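The values are calculated or read from the model by the stated rules, or taken from the named source; none is laboratory data. A quick note: this is a predicted structure, and the numbers were derived from the prediction, not measured. Methodologically, a virtual Cβ is constructed for each residue, glycine included, from the backbone with ideal geometry; neighbour enumeration extends over all protein chains shown.
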Amino acid sequence: MTSNEITLTKFYTAFSKGNPVEMCECYHPKIKFRDPAFGLLKGDDVCKMWNMLLKKNKNSIEIIFSEIIADENTGSAHWIATYTFSQTNRKVVNNIRSQFLFEDGLIIKHTDDFDIWKWAKQALGWKGRLFGWTGFMQNKIQQKALKSLHKYS
């Protein structure tokens, strides 16, 4: 196992245990994170997001990770998050592919990719099913996620 594979394993193990502090130990101070729900986050906002998400789910989130691969510069992983979306109380099973860049033995870039329409159908119900594929709805999801993060901060 490479040192960066160890870092990714530490990150996802901490995530599965609901420990955002250990997760953030894997990040470089100049971390850049991107996903379909939050868009681009930088620095401390990335750790605040994980902290908020884990706190909102009261450690009831289930994380299953696999396919961790990394060399000295890049890495990838597959993970599935199962949780109840706090705003609607609906169950979500989100299938996510992650890509990573490393610097100084830490994750400096983290990109999560998932089907936002599939997520919206599960999390938002009929509104997500009808409108989740539209750019308008996807922008609303991102705006609401960012508003929630800033409110949490």
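Within the stretch 116-128, the only residue that satisfies the criterion of being surrounded by 21 or more Cβ atoms within 10 Å (Cβ to Cβ) and either on the phi > 0 side of the Ramachandran plot or in contact (Cβ under 8 Å) with a residue 60 or more places away in the chain (or both) is 119.
Suppose we keep only residues that are among the hydrophobic types (A, V, I, L, M, F, W, C) and either in contact with a strand residue (DSSP E or B) (Cβ under 7 Å, 6 or more places away or on another chain) or outside any helix (DSSP H, G or I) (or both) within the stretch 116-133. Which one would you say is modelled with the highest pLDDT?
So, considering only residues that are among the hydrophobic types (A, V, I, L, M, F, W, C) and either in contact with a strand residue (DSSP E or B) (Cβ under 7 Å, 6 or more places away or on another chain) or outside any helix (DSSP H, G or I) (or both), the one modelled with the highest pLDDT is 119.
Do you know which residues across the stretch 55-90 are at pLDDT below 95, closer than 18 Å to residue 145 by Cα and of a type outside the set (Val, Ile, Thr)? The answer is 55, 56, 57, 58, 83, 85, 86, 87, 89, 90.
Applying the selection to the stretch 25-35, what residues are more than 13 Å from residue 104 (Cβ to Cβ), surrounded by fewer than 19 Cβ atoms within 10 Å (Cβ to Cβ) and in contact with an Asp or Glu (Cβ under 9 Å, 6 or more places away or on another chain)? The answer is 34, and nothing else.
Across the stretch 85-115, which residue is surrounded by the most Cβ atoms within 10 Å (Cβ to Cβ) among those that are among the acidic types (Asp, Glu) and within 19 Å of residue 23 (Cβ to Cβ)? Give the derivation first.
First, the residues of the stretch 85-115 that are among the acidic types (Asp, Glu): 103-104, 112-113, 115.
Filter once more, keeping what is within 19 Å of residue 23 (Cβ to Cβ): 103-104, 112-113.
On the way: 103: 12, 104: 8, 112: 18, 113: 13.
Step by step, filter the stretch 85-115, then rank; the result is 112.
Among the residues examined, residue 144 does not qualify as of a type in the set (Lys, Arg) and part of a strand (DSSP E or B).
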